[in-house]
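Data block below; observations after.
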Amino acid sequence: MKYRKRPVVIEAIQFTGDNHSKCKKFIGDRYDKTLTYPNCTTLEGVMRVREGDWLIEGEIYPCKPDIFEATYEKVED
């Protein structure tokens, strides 16, 4: 059997290395930059956020750029 992922509209922000305040505003207290690198709290625990990673709404988790681009396409407002 074959299955296709259903299209879902999500909100996300890409961590650029210098947009900490925007990431913090996007996910709130789950974003933390008190360590030497930023991290976010997910259902699986604390995960490191690296430059280029996307933070995805809802559960909030970092997603590598290549996986994000293969999974999602930009939706025009």
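The values are calculated or read from the model by the stated rules, or taken from the named source; none is laboratory data. Being a predicted model, the structure only gives us computed values, none of them experimental. All Cβ positions, glycine included, derive from the backbone under ideal geometry; neighbour counts span all protein chains shown.
Hey, can you tell me all the residues within region 43-64 that are assigned to a strand (DSSP E or B) and either farther than 16 Å from GLY17 by Cα or of a type in the set (Lys, Arg) (or both)?
Filtering region 43-64 down to residues assigned to a strand (DSSP E or B) leaves 45-48, 54-56, 61-63.
GLY45, VAL46, ARG48, ILE56, TYR61, listed by residue number.
Could you tell me whether region 32-42 includes any residue that is part of a strand (DSSP E or B), surrounded by 11 or more Cβ atoms within 10 Å (Cβ to Cβ), touching a Cys at 6+ places or on another chain (Cβ under 9 Å) and on the phi < 0 side of the Ramachandran plot? Looking through region 32-42, at least one residue is part of a strand (DSSP E or B), surrounded by 11 or more Cβ atoms within 10 Å (Cβ to Cβ), touching a Cys at 6+ places or on another chain (Cβ under 9 Å) and on the phi < 0 side of the Ramachandran plot. Considering region 3-31, the residues that are in contact with a Lys or Arg (Cβ under 9 Å, 6 or more places away or on another chain) and in a strand (DSSP E or B) include one that is nearest to PHE68 (Cα to Cα), namely ILE13. In the set (1) at pLDDT below 85; (2) assigned to a helix (DSSP H, G or I), ILE67 fails one condition alone, (1). Which numbered condition in (1) on the phi > 0 side of the Ramachandran plot; (2) touching a residue at least 24 places away in the same chain (Cβ under 8 Å) is the only one that GLY45 fails? Result: GLY45 passes all but (2).
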